[in-house]
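A short write-up of the structure that comes next.
The values are calculated or read from the model by the stated rules, or taken from the named source; none is laboratory data. Given the structure is predicted, the values throughout are model-derived calculations rather than measurements. Methodologically, a virtual Cβ is constructed for each residue, glycine included, from the backbone with ideal geometry; neighbour enumeration extends over all protein chains shown.
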Amino acid sequence: MKNTTTPWSGTKGKSGELMNKEDLLKEEIKKIKDLIAQGYTVRYIIDLNDFSYEALKRCGLPASYLIPKTDPQKMNLQEWDTHTSAEHKWEYADGVPFIDADQRDRVMLGLIYSSGLKHLLEILPEESKKILKELVNSPPLTPR
């Protein structure tokens with residue numbers, strides 16, 4: 001279940017006092033490092049949905065464990081939960097978000113448009129970048 005409040009709003013420490021943002025971040029980092037030390041995987045830690053993106057970054061963890069490939073891949077329900085907004089107002093059926101491919105493509109283009117291609121390349125895992133480079137250098141794709 002996703003946390004829909006800001007990570008520091010109304011959070012109380014062990015002694016009951018309200019914690020500021022930096023103290024909460026330090027606590028999250030400690031919890032993440034403890035989980036890593038106990039042998040939990042990156043996937044497990046991210047799937048918990050208990051930590052801010054900033055805490056994950058400061059611990060050297062990626063925002064996502066998904067590796068985009070040449071062809072579409074199905075997502076399980078946990079992956080979908082981890083990678084969508086807290087409200088879950090997006091469709092999901094049989095491992096595929098957005099049953100309507102046109103709607104999926106429009107959202108994808110909107111997200112890439114708003115973040116820019118440079119940012120897309122910054123967040124793509126190396127394996128996906130290699131695949132993308134191969135696709136770009138291959139014969140032209142026919143539009144769908």
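A few remarks follow.
- Within region 85-110, residues that are at pLDDT below 75 have Cβ atoms under 8 Å from residues that are part of a helix (DSSP H, G or I) in these pairs: His88/Asp81, counting only partners at least 6 apart in sequence or on another chain.
- Screening Ile131 on (1) among the β-branched types (Val, Ile, Thr); (2) closer than 16 Å to Asp71 by Cβ; (3) assigned to a loop (DSSP other than H, G, I, E, B) shows it passes everything except condition (3).
- Considering residues of region 116-144 that are at pLDDT below 90 and under 26 Å from Ala93 (Cβ atoms) only, the residue surrounded by the fewest Cβ atoms within 10 Å (Cβ to Cβ): Pro143
- Entry remark, region 26-43: residues being surrounded by 12 or more Cβ atoms within 10 Å (Cβ to Cβ) and either under 22 Å from Asn76 (Cα atoms) or at pLDDT below 95 (or both) number 3 in total.
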